[in-house]
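The structure under discussion appears below in the form of structure tokens.
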Amino acid sequence: MAALDELTTPAGDGDTVCGVRARLVAAPADTAEAAALIRAAQGLSVVIRGGGTKLDWGPPPRELDLIIDTRRLSGVVEHAAGDLITVVKAGTPMSELHGLPGQQLALDAPAGATAGGTVAANASGPRRLRYGTARDLLIGITVVRPDGTVTKAGGKVVKNVAGYDLGKLYTGAFGTLGLITECVFRLHPAPAAAAFVRAVAPPGQAAKILAGQFAASALEVNAAPGAEPELAVLVEGTPAGVRERAAAIAALLDGEVSEQAPDWWDVSPWPDGGVGIKLTGRLSQVPALVATAVGAGATVRGSAGAGVLYAGFPAPNPSPGPATTGIGPSSPGPASSSATSTSASDSSPTAGSTGTGTSSPAAVSTGAGRSSPVSSSASTVSPVVGPGTGTAEGTVEAGRAIELLRAAAVRAGGHAVVLTAPAGVRETLDMWGPVPGLALMRRVKDQFDPDHRFAPGRFVGGI
Amino acid sequence: MTGIDALAARLRAEIGVRRVLTDRQELRTYECDGLAHYKVIPALVALPSTVEQVAAVVRACAETGTPFVARGSGTGLSGGALPHADGVLIVTSQLREIVEVRPEDERAVVQPGVINLQVTKVAGPHGYYYAPDPSSQQICSIGGNVAENSGGAHCLKYGFTTNHVTGLEVVTPDGERVRLGGPAPDTPGYDLLGAFVGSEGTLGVATEVTVKLTRLPETVRTLLAAFASTDQAGAATSAIIAAGVVPAAIEMMDALAIEAAESAVKCGYPAGAGAVLIVELDGPATEVEAQFTEVNALCEANGAFETRIAADDAERALIWRGRKSAFAAVGRISPDYIVQDGVIPRTALPAVLHRIGEVATEHGVRVANVFHAGDGNLHPLVLFDDSVPGQAGRAETVSAAILDLCIEHGGSITGEHGVGIDKAKHMPRMFSDDDLDTMQLVRCAFDPDGIANPGKIFPTPRLCGERPGRRQGAHPAQAAGVAEIF
């Protein structure tokens, strides 16, 4: 067995995960080398790093000895165009897979993201409406288990029910079950034509698109305090079909057809150092979710067609002061006026269809620091602000905003997950929130990683 | 009193006398599923009508270490619902409530005994349907579909059961009721829903299923194209895919399958065809019309000597009738047959079909080919006469050789029928011991005692006993209250 010091190098200043610095870094070149590394690293705590675009998602690791960097595990191993599949190493940039000759891996990802990282984080973008997410597009996978065993699941054909579908288990596991070294994806033909329709329209209008015969590839919402909400629709297909459907959608939404996506398309609505939250819910509850998040001061983007939204708050102020850039509505005025124009449910005292335990409009538009209406409105969720943070007003605000959004997401039948937050705030939050089936998940983790060495503490329930 | 007698007494008290069967004649009704040459009479059959009753039965099994097998409509083709001789068969067909239909959320919630086609029927008036459509959709249950990750002719475009289920309530093998997923997508945590779908009843019993409803397409166009040979039909299939068209379905039948279908249902396919393709396109009208013209031209360019276009639903049903009846129809031309289910990369179709023909000739049996050409899912029907000594054995040999071909070409030993009891022995040809061991880590998490559908999928069960270094109880950080707040 190769010695650990032959396979690793000392970590540098940049080799940190959410502020936790590693001791060692390794960048294996293939699956065999990765397996040798992991066998040599028994006893060490490990975090896997791809392009690093989502490395700040989730809580910091409890411990961190070794970062395994996947970027040398790169390249398209096979592109079987006639079979519409590709086999790629985990560190392959997604950008390479978006433009295979005549075909595409139809899974949106930011510049720099790798295939393995996109799968591990179950990240997706606007086109998930038509093409699904990594769990739908991944048909085979190679993983090195925490004990160093190399294991495969699935295969190279789209239709395959032999054995457990472990690809789905590894998808979205955030590297807690092992190291993904190779992925097999289903591909789609590149569309002959595509067009966007952009409209100033409340998110409730999205239902008209879904109920129509437009076969939209994406249906995105963009809303922010003090701004008119927008919808944007992507249609793909034959040139004549795209022209016709785009025109019909533009007429329906009173929008305009564009070759270009709006500049907010597939852009996370939080700045570096801000707070990013993923919100999910029933399709019919998307307008209410958007209204609640905007009312709390967030910029909201995401798929109104799939019920997956992202809410972003700017970085909290380092010290108490005018809350114009902090979490929470900057003032009751713009927030309540935008909420009124965003959704009927927020302008109505009964809060419309948002169900039981709704936060009242007054609570939604309550400014930072006025704690009682907010906390009483979100009484179904226990306070998440930990001891010793009360002095940082931004931290308290973040906790309250997340409580509010989490309660709204639960009412909508979904979840609110804090993807990222600045240091100081992150530690005080329950980033994942309550998760059904957690006891079973712990048992799965215990089977794969009995010593809890892979991404310790980064996943749901402290897994 | 034997163990089973005691269990029967307990279950009669808990779920009702009429819901527990132990009479041998009554038990015999359940001795097999759709793969009828495997037969085992269960020790007890439970017919629960509520989720609480399912949980009670499983709990009783867990407490007594009794194996259990869940069964829906019993249409499975891999022996996945084959009973255990010393165990309990839990029949879920009494759980048949449609809990809710929410077109505004594109979701329906149903109990596991609900029939597949019934979901489409209740969603239809709202303009929606349930996309997975196994050939048995008039009788197969949603619970069975979840267990087997059922596909169907239209999964080329729409995917399988796993792509259309967003939430489950399951009873785990220790009798706990657990929710996995929900009405919204991307539930945080491990995708145990994704692991459960297709686990063939080895991880527990699904008791409630939240499914996606799909918008009914504006237009559906169906084309039947007749070719002189399967080579030509295969080339046309490749040309359609290469042109960037993703049809809702591309199905192929060879001459022998056509002959069987004609004799059974008089589907009136073009005379003298060596192969027919059924191509269905659906979606917005303008898209479908443009692609339909292209598909028609590609079929003709690849040698189609006749193409027929369904003018209405009745003509479409006629075209499909031959295909959907094919399995049963071979009974008209052969006393016995084996239905095989394997997958190859689509591009290997011509080579594999030739080799199947050669192998069949070598062994003196006939093979009728009916398959989902679009995704390379073969359903060769190996015909034989069990009354002729040696034929059954030769048919088995040919059937196994077909699976060899699938594996050689990088495919799969099952595309939609599942592993069950029938193909457990073939799993090591597709997966290494480590691969199978890893799958069973999940099994150990759900079912450490191995009482849920034992003997299925895995040729060798993994012992889930203690491993060195395995931590018992809560993680120290969790016990200290640290882990939970992260």
*asked:* Tell me which helices (runs of 4 or more DSSP H) are completely within the range B:1-86 and hold 3 or more residues being among the aliphatic types (A, V, I, L, M) and not assigned by TED's automatic domain parsing to the domain that holds B:ASP341, or say none if there are none.
replied: B:3-15, B:51-64
*Residues of the range A:138-152 satisfying the condition of being in a loop (DSSP other than H, G, I, E, B) and either touching a Cys at 6+ places or on another chain (Cβ under 8 Å) or more than 8 Å from chain B (Cβ to nearest Cβ) (or both)*: A:PRO146, A:ASP147, A:GLY148
*With respect to A:LYS168, is the statement that it is of a type in the set (D, E, K, R), at the interface with chain B (Cβ under 9 Å from one of its Cβ atoms) and either more than 25 Å from the chain's Cα centre (by Cα) or in a loop (DSSP other than H, G, I, E, B) (or both) true?*
no
*Given A:VAL233, A:VAL267, which one is touching a residue at least 24 places away in the same chain (Cβ under 8 Å) and more than 24 Å from B:ALA290 (Cβ to Cβ)?*
A:VAL267
*asked:* Can you say whether B:GLU259 is surrounded by fewer than 22 Cβ atoms within 10 Å (Cβ to Cβ) and within 19 Å of B:GLY357 (Cα to Cα), as far as the supplied structure shows?
replied: yes
*Contacts under 6 angstrom Cβ, first residue in the range B:355-377 being within 14 Å of B:GLY415 (Cα to Cα), partner of a type in the set (Ser, Thr, Tyr), 6 or more apart*: B:ALA373/B:THR237
*Going through the range A:176-201 one residue at a time, which ones are of a type in the set (A, V, I, L, M) and farther than 21 Å from B:ALA248 by Cα?*
A:LEU177, A:LEU179, A:ILE180, A:VAL184, A:ALA195, A:VAL197, A:ALA199, A:VAL200, A:ALA201
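For (1) within 12 Å of another protein chain (Cβ to nearest Cβ); (2) surrounded by fewer than 22 Cβ atoms within 10 Å (Cβ to Cβ), each residue gets a yes or a no:
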position	(1), (2)
B:ALA123	no, no
B:TYR128	yes, no
B:CYS140	no, no
B:LYS157	yes, yes
B:VAL170	yes, no
B:GLY175	no, yes
*Name the pairs: first residue in the range B:388-410 and outside the structural domain of B:ALA373 (by TED's automatic domain parsing) and closer than 16 Å to A:VAL157 by Cα, second residue exposed (fewer than 15 other Cβ atoms within 10 Å of the Cβ) and among the aliphatic types (A, V, I, L, M), Cβ to Cβ under 9 Å, at least 6 apart or on different chains?*
none
*Tally time: how many residues in the range B:35-68 are in contact with a His (Cβ under 9 Å, 6 or more places away or on another chain) and more than 22 Å from B:VAL171 (Cβ to Cβ)?*
2
_Checking A:ILE463 against (1) at the interface with chain B (Cβ under 7 Å from one of its Cβ atoms); (2) in contact with a helix residue (DSSP H, G or I) (Cβ under 6 Å, 6 or more places away or on another chain), only one condition comes out false. Which one?_
(1)
*Could you run through the range B:408-423 and say how many residues are of a type in the set (A, V, I, L, M) and more than 10 Å from chain A (Cβ to nearest Cβ)?*
1
*Within the range B:297-307, how many residues are in a helix (DSSP H, G or I) and either under 31 Å from the mean Cα position of the chain (by Cα) or on the phi > 0 side of the Ramachandran plot (or both)?*
1
*the range A:416-463, residues that are among the polar types (S, T, N, Q) and closer than 18 Å to B:PHE196 by Cα*: A:GLN447
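Residues checked against (1) in contact (Cβ under 8 Å) with a residue 60 or more places away in the chain; (2) more than 12 Å from chain A (Cβ to nearest Cβ):
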site	(1), (2)
B:ALA228	yes, yes
B:ALA235	yes, no
B:ILE241	yes, no
B:GLY244	no, no
B:ALA249	yes, yes
B:ASP254	yes, yes
B:ALA260	yes, yes
B:SER263	yes, yes
*Only residues that are among the small types (Gly, Ala, Ser) and within 8 Å of chain A (Cβ to nearest Cβ): list them for the range B:182-222, please.*
B:GLY182, B:ALA184, B:GLY189, B:GLY194, B:ALA195, B:GLY198, B:SER199
*Out of all the residues in the range A:245-264, which are among the aliphatic types (A, V, I, L, M) and either touching a residue at least 40 places away in the same chain (Cβ under 8 Å) or crowded, with 16+ Cβ neighbours inside 10 Å (or both)?*
A:ALA246, A:ALA248, A:ILE249, A:ALA250, A:LEU252, A:LEU253, A:VAL257, A:ALA261
*Return the total of residues in the range A:404-455 being more than 8 Å from chain B (Cβ to nearest Cβ) and part of a loop (DSSP other than H, G, I, E, B).*
10
*Considering only the range A:75-104, state which residues are of a type in the set (Ser, Thr, Tyr) and either within 30 Å of B:THR237 (Cβ to Cβ) or crowded, with 18+ Cβ neighbours inside 10 Å (or both).*
A:THR86, A:THR92
_Residue list for the range A:223-246, filter: under 15 Å from B:ALA285 (Cβ atoms) and in a strand (DSSP E or B)_ = A:VAL235, A:GLY237
*May I ask you to list the residues in the range B:281-295 that are out of contact with any strand residue (DSSP E or B) (no Cβ under 6 Å at 6 or more places or on another chain) and within 19 Å of B:GLY374 (Cα to Cα)?*
B:GLY283, B:THR293, B:GLU294
*Please work out which residue is surrounded by the fewest Cβ atoms within 10 Å (Cβ to Cβ), limiting yourself to the range A:198-234 and to residues that are within 14 Å of chain B (Cβ to nearest Cβ) and out of contact with any strand residue (DSSP E or B) (no Cβ under 9 Å at 6 or more places or on another chain).*
A:LYS208
*Look through A:GLY102, A:GLY132, A:GLY154, A:GLY175 and report the one residue that is touching a Pro at 6+ places or on another chain (Cβ under 8 Å) and at positive phi.*
A:GLY102
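The values are calculated or read from the model by the stated rules, or taken from the named source; none is laboratory data. On a predicted model such as this, the values are computed, not experimentally measured, just so you know. Virtual Cβ from ideal backbone geometry, glycine too; neighbours counted across all protein chains shown.
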